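What follows is a short report on a single structure.
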Amino acid sequence: MTRAASPETQSIIRDNWLRVSAQVSEACVDCSRDPSTVKIVGVAKYVDAALTAQLVQAGCSIIGENRPQLLWEKHQWFLDQGLEMPLWHMIGHMQRNKLRRTLPMLNMLQSVDNWRLAEELSAEAVRAGRKISFLVDVNLTQDATKTGMMRDELLRVSEQLVQLPNLIWRGLMAMSSLQADSATISGEFSQVRELRDQLQQRLGDSVDLSELSMGMSGDYRQAIEQGSTCVRIGTSLWVGVI
Ligand SMILES: *Cc1c(COP(=O)(O)O)cnc(C)c1O
């Protein structure tokens with residue numbers, strides 16, 4: 001199923017990576033931010049393991065997947081090929097019954113979208129004897145088609161979240177509304193940052209919520225302007241490949 005990428009494909013992927021990296025840096029400079037403060041997660045859900053490996057080889061060290069099965073397959077493929085592992089981030093809704101198998105491969109679970117998942121993640125991390133970083137996926141637009149915790153729920157459970165053993169809560173993840181105009185998108189990202197600030201103030205020194213995972217191929221500029229520390233770029237990295 002997974003075949004090695006052709007040299008043409010490799011060079012397209014490398015060019016895409018260089019272009020996206022430059023665009024993200026440029027967006028930082030445009031709003032007087034240091035480009036080193038924004039990480040790029042290369043979202044590889046559109047492609048197979050071989051193409052994912054090409055992106056890693058081009059320089060992308062963090063790979064985002066939204067389905068556990070795909071992550072398992074790719075992780076195994078990287079192992080079989082003896083390739084250097086990227087850091088794997090889960091960015092999609094995670095079912096509790098997939099946690100045990102996924103946890104050993106994960107560097108971060110960006111998509112904790114309910115309290116029970118956090119509890120179970122903590123239990124599995126304790127069981128595995130490791131700590132795991134996570135973000136809370138927030139849904140501030142009350143959009144029923146999106147996953148994510150609503151503001152009130154998050155505020156209600158935040159003190160308990162900090163206390164769950166073996167978890168390191170690093171911040172929030174969010175998506176903007178589909179097809180919203182630029183000003184609306186900026187407003188949404190700004191609300192996410194304000195919620196983070198509010199949580200940080202409430203929780204004090206017990207936690208460091210400095211990570212804001214916001215921005216995709218279509219809205220990374222607004223996200224960076226509003227304080228994103230992690231953009232999740234998929235489509236722009238696979239132009240000419242898929
Ligand atoms: C697919 C996906 C992305 C990447 O979106 P693009 O528009 O392809 O850049 C980012 N975040 C999440 C949660 C995704 O599912």
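The values are calculated or read from the model by the stated rules, or taken from the named source; none is laboratory data. For clarity, every value in this text was computed on a predicted model and none was experimentally measured. Heads up, the Cβs are rebuilt from the backbone with ideal geometry, glycines too, and the neighbour counts pull from every protein chain shown. Protein only, heavy atoms only, side chains kept; ligands, DNA and RNA dropped before computing areas. Shrake-Rupley method; radii C 1.70, N 1.55, O 1.52, S 1.80 Å.
Peptides 41-51, 121-131 ranked from most to least packed by the mean count of surrounding Cβ atoms within 10 Å: 41-51, 121-131.
In region 1-74, how does Rg compare with the Kirkwood Rh, expressed as the Rg/Rh ratio over alpha carbon atoms? With Rh from the inverse mean 1/r over Cα pairs, Rg/Rh is 1.03. A 1.4 Å probe run over region 96-135, with the rest of the protein chains in place, finds 45 Å² accessible per residue. Please give every one of the aspartates and glutamates within straight-line cross-link reach of Lys98, meaning a C-alpha to C-alpha distance under 17 Å, and leave out same-chain neighbours fewer than 8 residues apart. Candidates past the 8-residue exclusion: Glu65, Glu73, Asp113, Glu119, Glu120, Glu124. Maximal additional length on extending the Gln81-Gln198 stretch stands at 37.6 nm, based on 0.36 nm per residue less the C-alpha distance.
Most simply put, the chain has about 0% antiparallel DSSP beta bridges, counting only bridges with both residues inside it. Here the chain is treated as an ellipsoid with the same Cα gyration tensor; its semi-axes, largest first and in whole Å, are 28, 23, 15. Per atom type, the chain shows carbon and sulfur on 48% of its accessible surface, probed at 1.4 Å.
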